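Report on the following structure.
The values are calculated or read from the model by the stated rules, or taken from the named source; none is laboratory data. What you see is a predicted model, and the numbers here were worked out from it, not measured in a lab. Neighbour counts run over all protein chains shown; Cβ positions are idealised from the backbone, glycine included. Just the protein is used for accessible areas: all its heavy atoms, side chains included, with ligands, DNA and RNA removed. Shrake-Rupley method; radii C 1.70, N 1.55, O 1.52, S 1.80 Å.
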Amino acid sequence: MRITKLEIFALRGPKVSRPHWTAHFVVPNGNELLVKMHTSEGITGFGLATSYTPLDPLLKPWKSGLADLIVGESALAPERLYQKLFNLTSSKIASEKGWTREALIRCSAAVDLAAWDIVGKAAGLPLYKLFGGFRDELPVYATCGYYREGKDKEELRDELQMMKDQGHHSFKVKTGGLSLKEDIDRLEFIRSVLGDDKEMMVDVNRAWDLKTAIEGAKLLKPLRPRWLEEPVRWEDDRRGVKLLSLKTDIPISAGESEMTSFGCRSLIEEQAIQILQFDCTMYGGFTEGKKLAALCELNHVQVAPHHDCFVHAQLVASTPAGLILEAFTDPERDPMQAELFQDPPEIKNGMMKVPQKPGLGLELSEAAVQKFGEQIM
């Protein structure tokens with residue numbers, strides 16, 4: 001089954017007057033590369049790549065010949081195709097054409113997901129069953145508590161209450177954007193709004209130095225966080241996370257900011273984390289995601305991927321290491337989760353059934369693709 005055609009779209013959410021901030025950067029409300037893959041047998045698949053930075057570098061390869069290296073390849077050999085694309089990151093042709101390493105990694109993830117979607121459809125099975133079929137329902141948490149200009153505690157309470165009213169039981173909230181004292185006060189307020197019967201995860205987005213992270217973990221302990229995410233600044237985060245893990249019994253999570261699965265392997269080998277949060281839409285696709293899930297299982301590390309619960313459900317449900325999915329259910333923060341798919345799985349009482357249709361089990365809303373998308377080729 002040969003790949004005969006690719007369609008490429010840049011998906012961008014509408015600009016908002018008051019952006020959503022983590023501790024130190026703005027999170028775009030939708031910023032995706034969409035790859036539609038067509039085959040000689042008439043089966044089509046799609047994949048997505050997520051970017052927190054402008055999409056233009058991800059689009060450049062498609063405008064200058066990347067598709068020519070993919071068309072004609074077997075859609076049923078995603079491992080071979082992924083290796084071909086990943087190897088471009090150390091190639092002369094990429095340098096000549098100005099294809100950046102990060103762009104190629106993102107593009108290869110989207111292509112990989114599209115190929116696996118086709119593999120599942122050709123087999124007539126949802127991918128989680130092809131990958132192992134460990135369970136067919138998963139817990140989901142809602143990410144919220146972003147910083148915004150002028151956002152006071154009343155607005156924060158309204159945001160959290162909206163998420164509670166949606167039926168969520170687990171909530172990940174942002175911290176690190178204020179002084180430690182102010183942030184702990186903010187987190188105490190969040191815990192009071194959520195109540196003692198809800199789970200709270202805390203995401204620092206690599207904003208603290210090690211000294212602050214150690215003190216922050218001590219102050220967080222009474223709030224009973226399920227995990228502390230990316231607590232240490234980027235420049236020496238693996239060593240810092242390892243040192244922090246020796247000072248606290250709060251589980252540490254990381255992985256979304258890695259560029260490859262090799263970085264995730266180091267986090268696991270160094271015994272720095274208890275929860276790995278790789279993102280198949282940012283690097284590796286399912287080809288690398290499957291390997292990381294197996295590595296986690298063998299090293300007693302749990303899998304809680306960053307972003308896109310509907311896509312990652314197929315992988316997380318396949319493995320005993322699978323822990324939970326991340327959802328963005330504020331339609332202003334992420335309109336694409338709300339609109340991109342026709343009849344997506346329902347998140348009810350903090351749980352989601354894994355899509356049962358073949359492949360990813362998802363069908364794109366063409367209306368949403370037209371609304372958010374710019375076709376590149």
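Considering region 1-30, the residues that are outside any loop (DSSP other than H, G, I, E, B) and touching a helix residue (DSSP H, G or I) at 6+ places or on another chain (Cβ under 9 Å) include one that is most open to solvent (accessible area, probe 1.4 Å), namely LYS5.
Residue count for region 73-100, restricted to those that are in contact (Cβ under 8 Å) with a residue 40 or more places away in the chain and open to solvent by 40 Å² or more (accessible area, probe 1.4 Å): 4. When every residue of region 206-226 is checked against the conditions, at least one turns out to be touching an Asp or Glu at 6+ places or on another chain (Cβ under 7 Å), surrounded by fewer than 22 Cβ atoms within 10 Å (Cβ to Cβ) and among the charged types (D, E, K, R). Of the residues that make up region 344-353, is at least one open to solvent by less than 10 Å² (accessible area, probe 1.4 Å), at positive phi and not aliphatic (A, V, I, L, M)? Scanning region 344-353, I find at least one residue that is open to solvent by less than 10 Å² (accessible area, probe 1.4 Å), at positive phi and not aliphatic (A, V, I, L, M), so the answer is yes.
Mind telling me which of the residues LYS129, LYS172, LYS218, LYS181 ends up being within 29 Å of ILE347 (Cβ to Cβ), charged (D, E, K, R), at pLDDT 95 or above and outside any strand (DSSP E or B)?
Values: LYS172 fails: outside any strand (DSSP E or B); LYS218 fails: within 29 Å of ILE347 (Cβ to Cβ); LYS181 fails: within 29 Å of ILE347 (Cβ to Cβ).
Step by step, each of LYS129, LYS172, LYS218, LYS181 is checked, and only LYS129 is within 29 Å of ILE347 (Cβ to Cβ), charged (D, E, K, R), at pLDDT 95 or above and outside any strand (DSSP E or B).
Got a sec? Which of LEU69, LEU48 is open to solvent by less than 10 Å² (accessible area, probe 1.4 Å) and either modelled with pLDDT of 95 or more or of a type in the set (Val, Ile, Thr) (or both)? Result: LEU48 is the single residue among LEU69, LEU48 that is open to solvent by less than 10 Å² (accessible area, probe 1.4 Å) and either modelled with pLDDT of 95 or more or of a type in the set (Val, Ile, Thr) (or both). Which one of THR319, THR329 is under 17 Å from the mean Cα position of the chain (by Cα), of a type in the set (Ser, Thr, Tyr) and not in a helix (DSSP H, G or I)? Residue meeting the stated conditions: THR329. Summed over region 221-237, residues that are under 23 Å from the mean Cα position of the chain (by Cα), farther than 18 Å from PRO305 by Cα and not in a loop (DSSP other than H, G, I, E, B) total 5.
Filter region 132-160 down to the residues that are open to solvent by 70 Å² or more (accessible area, probe 1.4 Å) and either of a type in the set (Ser, Thr, Tyr) or not in a loop (DSSP other than H, G, I, E, B) (or both), then identify the one that is farthest from GLY177 (Cα to Cα). Only one residue tops the list, namely ASP158. Would you confirm, using the coordinates I've provided, whether TYR147 is aromatic (Phe, Trp, Tyr), closer than 21 Å to LEU48 by Cα and modelled with pLDDT of 95 or more? Criteria not met by TYR147.
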